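Heads up, the thing below is written out as structure tokens.
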Amino acid sequence: MIYLDHAATTPLDPAALQAMLPWLQDRVGNPASDHAWGRAARAAVEHARNQVATLLGAQPEEIVWTSGATEANNLAIKGALEFRGLRGAHLVTARTEHKSVVDSVRQLESQGLRVTWLKPDAQGLISVEQVLAALAPDTALVSLMWVNNETGVINPVEALAPLLRERGILFHVDAVQAAGKLPIDLSCTPIDLLSLSAHKLYGPQGVGALFVRKRPRARLSPQLHGGGHEQGMRSGTLPTHQIAGFGEACRIAAEQLAGEGARLSALRDRLQQRLQTALPGLYLNGHPQSRAPGILNLSFEGVEGESLRASLGDLAVSSGSACSSATREPSYVLRALGRDDELAGASLRFSLGRGTTSAEVDQAAQRVIDAVATLRRIAGSGTAAPVTPPINAHAYATPVWAAFSNPAHATALPEGAITAAAGSPAGALRLRLQAELQDGRIVRAAWQAYGCPVTLAVGEWLAAWLEGRRAGELRLTAADLRAALEISDDKAQCALLGEDAVLALERQMSLA
Ligand code: PMP
């Protein structure tokens, strides 16, 4: 197992675990309680508040504990806009923000907030000029992430902050992927609200913080009501053990920041270089210079994202395809950079971290090189033989097939074989069937698919099923396919594609 998914979550630092253990084992006390046990828990919480504030160059009383960055982003955006009042208010944000920002803003938009959604350039960057040009007299808040979680691109938030302060506009920054990785000094960077998550910097999952500036004071309406904890901004009993772990994680991150940043940048460049040297058809998703140390996002031409990830075995990376939803939606972040569905889907995000070694980087690179080469080779063998034009011929203009598994089935059939296809040219799923006939009976069948592993399994199963059948015997529904291959509800579209392909083949056979 090689873990290169640190942008999703990081392992807990052993020292952070040690800071947590007493509060999980023998110590008890609600930090809000007014007795010795409570005071001890409160002291631990305040010690951690100091540690988090120190990492940011902030004052401890400017740190508000939350359950994570999703909550911090919700509190910052909804809290600030609700306090100000939505009527006549305008907000500027980017299409490439994390969902917890995008969906919070959408929620307010549905209630009447005016929003400008900035589109990044092709390298994922939002410029200072772009933000300034989007400002209006009623702009109440700008929300922009420091580092993008998919591409690692660094936005110019430090340059932007004083310009927004001059104009009296609140500035919220989602700094989840920046904190502990890039230097942050809020004593000289006039950001008003800044979100953090512990589990992205080697702290525990389920805890985060919102920095809320005191001078000038950023005012928020609370989103959780109750006992009035955290200066009334976030009610709820504080999780002492998680907060203690978060604080310690911040202390360690501050200590390691410079050295670790340089080490990860070098490893990331090494990974990129190995892949680029060995594989043509690679695209960098992100900015070649303005990027955070540990994140590398690449699109691989000629392979399908989910098949690629499935063939990487126990290499933990993220892919830009999300084939599990009924409407397959490739990464909206990469789409915003201008990548088409195919390249956005055929992407991998490698995110390196403290435990990553150069040996692991080399092994990971080799696994990816082998997987991409294999998928491309199979795809190539499937498209090599001349075939009659499929129904939607232009869908196959580019050889982007990823026929996966039995290469024997992917070998194309001789000229004169019947070919039929299903799936739309623009869609992310396509399936092509080929049949060689003798006296109206299929003696050999082949398949090619562009899609997730379930689509590929459907193609393979159908090729075997077709052999020996005649035109009138091709009765097969999506339900039959689902039963035969135990296809789950969220992959029902793959079975429908199979049904369509068989129908199309039958039509071609009766025309032949
Ligand atoms: N913002 C960014 C940029 C993130 O990467 C994440 C985590 N994927 C979040 C917000 C949400 O953080 P949490 O998991 O703490 O809710």
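The values are calculated or read from the model by the stated rules, or taken from the named source; none is laboratory data. Note that the structure is a prediction, hence the values are computed from the model and not measured. When we count neighbours, we look across all protein chains shown, and the Cβ atoms used for this are built from the backbone with ideal geometry, even at glycine. Just so you know, the surface numbers come from the protein's heavy atoms only, side chains and all, with ligands and any DNA or RNA stripped out. Shrake-Rupley method; radii C 1.70, N 1.55, O 1.52, S 1.80 Å.
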Could you say which residue among 110, 100, 127, 143 is in contact with a Phe, Trp or Tyr (Cβ under 9 Å, 6 or more places away or on another chain) and not assigned by TED's automatic domain parsing to the domain that holds residue 289?
143
If I ask for residues that are assigned to a loop (DSSP other than H, G, I, E, B) and within 16 Å of the ligand (Cβ to nearest atom), which ones from segment 67-101 would you list?
67, 68, 95, 96, 97, 98
Does residue 132 satisfy the condition of being closer than 28 Å to residue 297 by Cβ and in a helix (DSSP H, G or I)?
yes
Restricting the first residue to segment 305-323 and requiring it to be more than 19 Å from residue 284 (Cβ to Cβ), which pairs with a second residue that is modelled with pLDDT of 85 or more and in a loop (DSSP other than H, G, I, E, B) meet a Cβ separation below 6 Å and a spacing of at least six or different chains?
314/1
Going through segment 223-247 one residue at a time, which ones are in contact with a helix residue (DSSP H, G or I) (Cβ under 6 Å, 6 or more places away or on another chain) and open to solvent by 30 Å² or more (accessible area, probe 1.4 Å)?
223, 241
Failed item, numbered, when residue 276 is tested on (1) at pLDDT below 95; (2) part of a helix (DSSP H, G or I); (3) buried (at least 16 other Cβ atoms within 10 Å of the Cβ)
(3)
Scanning segment 20-31 residue by residue, the ones that are within 24 Å of residue 231 (Cβ to Cβ) and within 37 Å of the chain's Cα centre (by Cα) total 3
Given the conditions (1) buried (at least 17 other Cβ atoms within 10 Å of the Cβ); (2) in a helix (DSSP H, G or I); (3) more than 16 Å from the ligand (Cβ to nearest atom), report the number of the one that residue 58 does not fulfil.
(2)
Filter result for residue 27 (more than 16 Å from the ligand (Cβ to nearest atom), within 17 Å of residue 241 (Cβ to Cβ), open to solvent by 30 Å² or more (accessible area, probe 1.4 Å) and part of a loop (DSSP other than H, G, I, E, B))
yes
Output the qualifying pairs, or none if there are none: Cβ atoms under 7 angstrom, residues six or more apart or on different chains, first residue in segment 196-212 and open to solvent by 10 Å² or more (accessible area, probe 1.4 Å), second residue near the ligand (Cβ under 7 Å from one of its atoms).
200/176; 200/177; 205/199; 206/68
Does residue 87 fit the bill of being out of contact with any Asp or Glu (no Cβ under 8 Å at 6 or more places or on another chain), modelled with pLDDT under 95 and either open to solvent by 10 Å² or more (accessible area, probe 1.4 Å) or within 30 Å of residue 261 (Cβ to Cβ) (or both)?
yes
Looking only at segment 143-160, count how many residues are more than 8 Å from the ligand (Cβ to nearest atom) and farther than 13 Å from residue 195 by Cα.
11
Determine if segment 33-46 includes at least one residue that is among the basic types (Lys, Arg), more than 16 Å from the ligand (Cβ to nearest atom) and in a helix (DSSP H, G or I).
yes
